[in-house]
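The values are calculated or read from the model by the stated rules, or taken from the named source; none is laboratory data. Everything numeric in this text was worked out from a predicted model, so none of it was measured. We place every Cβ from the backbone using ideal geometry, glycine too, and count neighbours over all the protein chains shown. Just so you know, the surface numbers come from the protein's heavy atoms only, side chains and all, with ligands and any DNA or RNA stripped out. Shrake-Rupley method; radii C 1.70, N 1.55, O 1.52, S 1.80 Å.
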Amino acid sequence: MQTTKPAESKSRTEFNKLQKRLRRLTGQAIADYNMIQDGDKIMVCLSGGKDSYTMLEILLSLQISSPIKFEIVAVNLDQKQPDFPEEVLPAYLTQRGVPFYILEKDTYSIVKELTPEGQTYCAVCSRLRRGNLYAFAQEIGATKVALGHHRDDIMATLMLNLFHNGRLKAMPPKLLSDDGKNILIRPLAYCKEKDIAEYARLKEFPIIPCNLCGSQANLQRAVVNQMLRDWDKQFPQRLDSMFTAIQNIAPSQLADTDFFDFVGLENNRRKAEVRARKANELELVNIMI
């Protein structure tokens, strides 16, 4: 009779806890933001990184247990980066039994050509990548486009906009694209990067490194990501509080005149005074009666 070693049993228990946590948080984000409806065709954007692999696996798991019926199709944009292992994703998706498309577009050469010397590739690369993927979603009749951004990505974007762009803006869990044609969802919005990294390690996903933006040093996003990791170690509750803040906005306590009527506060005060006076008069009448 074969017995399970204590170390193996503990490892399996920890993996199950991690997977259940990711499933629960993903399911909660989907429910909170009404990300998926019955009959949806979800185009899962699969880059070959830990985040998109995890998103695909968790969505496949939820697809089995969910009372809502939805379709999943994986799409990878092959940007023709040098030494890109073209066989990895088709082999993985075929083994998993997931319908998929490999969209071949040489955006790599365009990004290299359009990016000035010394500048980062991110802006041009992401714009071209989004344009190709969103157009393809329309071609295959996808009703939702799923992106693998997680909680840490959302907070890093908030800090980058705050530090460098003068905007109080992050990544919403659900978004209508600028052209109004695609609804984008981020099912991992509640999931921590460290949980995703550990899950990817345990699942032994065939990770494909990025040889474009991922190869550049001193990226501001990398700096902010490291800052968030340092905060998480030194102040364990800080990131939880930051993400909660993104969900609890008080426009009257900020300074954007487009989102709060500061000019009309005097009128609001006069209206409040009238309401208070009428309430006092009514109370006096009731006392006299």
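Dividing the mean sequence gap of close Cα pairs (under 8 Å, 6+ apart) by how many residues the chain holds gives a relative contact order of 20 percent.
Apolar share of the accessible surface for segment 134-253: 52 percent from carbon plus sulfur atoms, 1.4 Å probe.
Rolling a 1.4 Å probe over the heavy atoms of the protein chains gives the chain an accessible area of 61 Å² per residue.
What does the accessible area of ILE207 come to, in Å² to the nearest 10, when a probe of 1.4 Å is used? For ILE207, the solvent-accessible surface is approximately 80 Å².
Once backbone amide H atoms are built at 1.01 Å from N, LEU46 has VAL75, ASN76, LEU77 as its partners under 5 Å, excluding neighbours fewer than 5 places away on the same chain. Rolling a 1.4 angstrom probe over segment 4-93 with all protein chains present gives an accessible area of which 52% lies on carbon and sulfur atoms. Put CYS210, CYS191 in order of accessible area, highest first, and with a 1.4 Å probe you get CYS210, CYS191.
Its residue count N sets the reference 2.2 N^0.38 Å, and the alpha-carbon radius of gyration of segment 247-286 equals 1.70 times that reference.
Taking the C-alpha atoms only, the angle from helix 151-160 to the longest principal axis of the chain is near 70 degrees.
In the chain, the DSSP-assigned H stretches of four residues or longer account for a calculated mean residue ellipticity at 222 nm of -16500 deg cm²/dmol, using -39500 (n - 2.57) per stretch and the full residue count as denominator. For the chain, DSSP calls about 15 percent of its internal beta bridges antiparallel. Near ALA137: Cβ cut-off under 11 Å, other residues only, Lys/Arg at +1 and Asp/Glu at -1. The net charge is +3. As an equivalent ellipsoid, segment 1-110 spans semi-axes of 29, 22, 13 angstrom, where each value is the square root of five times an eigenvalue of the C-alpha gyration tensor, largest first.
The equivalent ellipsoid that matches the C-alpha gyration tensor of the chain spans semi-axes of 42, 26, 21 angstrom, in descending order.
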